[in-house]
Amino acid sequence: MKDLMNGKKILIVGIANDKSIAYGCAQKLREQGAELAITYLNDKAERFVRPLAEELGAEIVMPLDVTVEGQMKSVFDACVEKWGKIDGVIHSLAFCPLDDLHAPLSGCSRTGFLQAMDVSCYSFIEMAKYAKDAMPDGGNLISFSYLGSAIATGDYNVMGCAKASLEASTRYLARDLGPQGIMVNCISPGTIPTRAAGGIKDFDAMLEHSIEQACDGKLPTIDEVGNACLYFMSPLSEGVTGQVLYVDHGVSIVG
């Protein structure tokens, strides 16, 4: 099936480099005809992200630090000015100070906890607030979680709390925005060696464990996650909302 996303306008937040989950999603959507808007965190990140955005033919490339007041509104305003509307938003953001990420949960600071929740969860809620005004014809919102939201796994610690909150937010936003025809879903990829994952303590051990636990002995890829993203962003997922979809080769079913 070709051109599933022909003419659809998609905002993608969270590409850091060509290993990013969000980049895998952008590639799949572009292959199917989507028009893209892509953000980068700051000037340092721009030199990595802009070439990828140009390769993908992104019509809008802008900075977005979700902790800076006004930047998110500026991005949504630019998209609506250029396109008239938005059909989909992909949120691929997470952050926690390393000291708090590596600490046991009982040792996490208040500041670290609030930062993790703000960037990893609240920013998705804020995006939904702007998206509902930019999606007069309905649309799709997607975020990304991890198995550590559902079980205490590895050294995910405070990020497990943040992702659990993100999944709960997905369900409540789905009910909130459903009357406007806006579907809200979450993808929970298995362990993938992205830049962000590199900050997790003993990440190599997590990779080995995931391979051992996977039903087929394989790790997921950003292409596989991109296919799941395409499903949620396209008409193929009509009627599906408030869900968490695992793309982890079965690791989540064996614990």
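When S106 is tested against (1) closer than 23 Å to M183 by Cα; (2) outside any loop (DSSP other than H, G, I, E, B), just one condition goes unmet, and that condition is (1).
Each row is one residue, and each column tells you yes or no for (1) farther than 30 Å from E208 by Cα; (2) in a helix (DSSP H, G or I); (3) not basic (K, R).
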{"site": "M72", "(1), (2), (3)": "yes, yes, yes"}
{"site": "C96", "(1), (2), (3)": "no, no, yes"}
{"site": "G112", "(1), (2), (3)": "no, yes, yes"}
{"site": "S123", "(1), (2), (3)": "yes, yes, yes"}
{"site": "D133", "(1), (2), (3)": "yes, yes, yes"}
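Per the listing K73, K44, K85, the residue uniquely surrounded by fewer than 17 Cβ atoms within 10 Å (Cβ to Cβ), among the basic types (K, R) and within 18 Å of M233 (Cβ to Cβ) is K85.
Taking the range 243-255 as the region of interest, how many residues are of a type outside the set (S, T, Y) and either part of a helix (DSSP H, G or I) or touching a Ser or Thr at 6+ places or on another chain (Cβ under 6 Å) (or both)? Going through the range 243-255 one residue at a time, the tally reaches 4. For the range 135-148, a residue qualifies if it is assigned to a helix (DSSP H, G or I) and in contact (Cβ under 8 Å) with a residue 40 or more places away in the chain, and exactly one does: L147. Can you name the residue in the range 135-182 that is polar (S, T, N, Q) and within 28 Å of T111 (Cβ to Cβ) and is also surrounded by the most Cβ atoms within 10 Å (Cβ to Cβ) among such residues? In this case the residue turns out to be S143. Within the range 202-233, being among the polar types (S, T, N, Q) and not in a helix (DSSP H, G or I) holds for one residue alone: T221. Determine whether the range 98-112 contains at least one residue that is in contact with a Leu (Cβ under 8 Å, 6 or more places away or on another chain) and either among the polar types (S, T, N, Q) or touching a residue at least 40 places away in the same chain (Cβ under 8 Å) (or both). Taking every residue of the range 98-112 in turn, at least one turns out to be in contact with a Leu (Cβ under 8 Å, 6 or more places away or on another chain) and either among the polar types (S, T, N, Q) or touching a residue at least 40 places away in the same chain (Cβ under 8 Å) (or both). Remark: L101 matches the filter, which requires a residue to be at pLDDT below 95 and either part of a helix (DSSP H, G or I) or surrounded by 13 or more Cβ atoms within 10 Å (Cβ to Cβ) (or both). For beta carbons closer than 6 Å, sequence separation of 6+ or different chains, a first residue in the range 6-20 that is farther than 19 Å from F95 by Cα and touching a residue at least 24 places away in the same chain (Cβ under 8 Å) and a second that is small (G, A, S) and crowded, with 22+ Cβ neighbours inside 10 Å, the qualifying pairs are K8/A34; I10/A34; I10/G88; L11/A37.
With respect to I90, determine if the residue is assigned to a loop (DSSP other than H, G, I, E, B), within 25 Å of Y23 (Cβ to Cβ) and either touching a residue at least 40 places away in the same chain (Cβ under 8 Å) or over 19 Å from the mean Cα position of the chain (by Cα) (or both). No. Assess whether S210 counts as being touching a Phe, Trp or Tyr at 6+ places or on another chain (Cβ under 6 Å), buried (at least 19 other Cβ atoms within 10 Å of the Cβ) and polar (S, T, N, Q). The answer is no for S210. Within the option set D87, D118, D155, D133, being modelled with pLDDT under 95 and either closer than 21 Å to L36 by Cβ or out of contact with any helix residue (DSSP H, G or I) (no Cβ under 6 Å at 6 or more places or on another chain) (or both) holds for one residue only, D155. For the range 86-131, a residue qualifies if it is among the charged types (D, E, K, R) and within 22 Å of Y231 (Cβ to Cβ), and exactly one does: D87.
The values are calculated or read from the model by the stated rules, or taken from the named source; none is laboratory data. Owing to the predicted nature of the structure, the values given are computational and were not obtained by experimental measurement. Here Cβ is always computed from backbone atoms with ideal geometry, including for glycine, and neighbour counts include all displayed protein chains.
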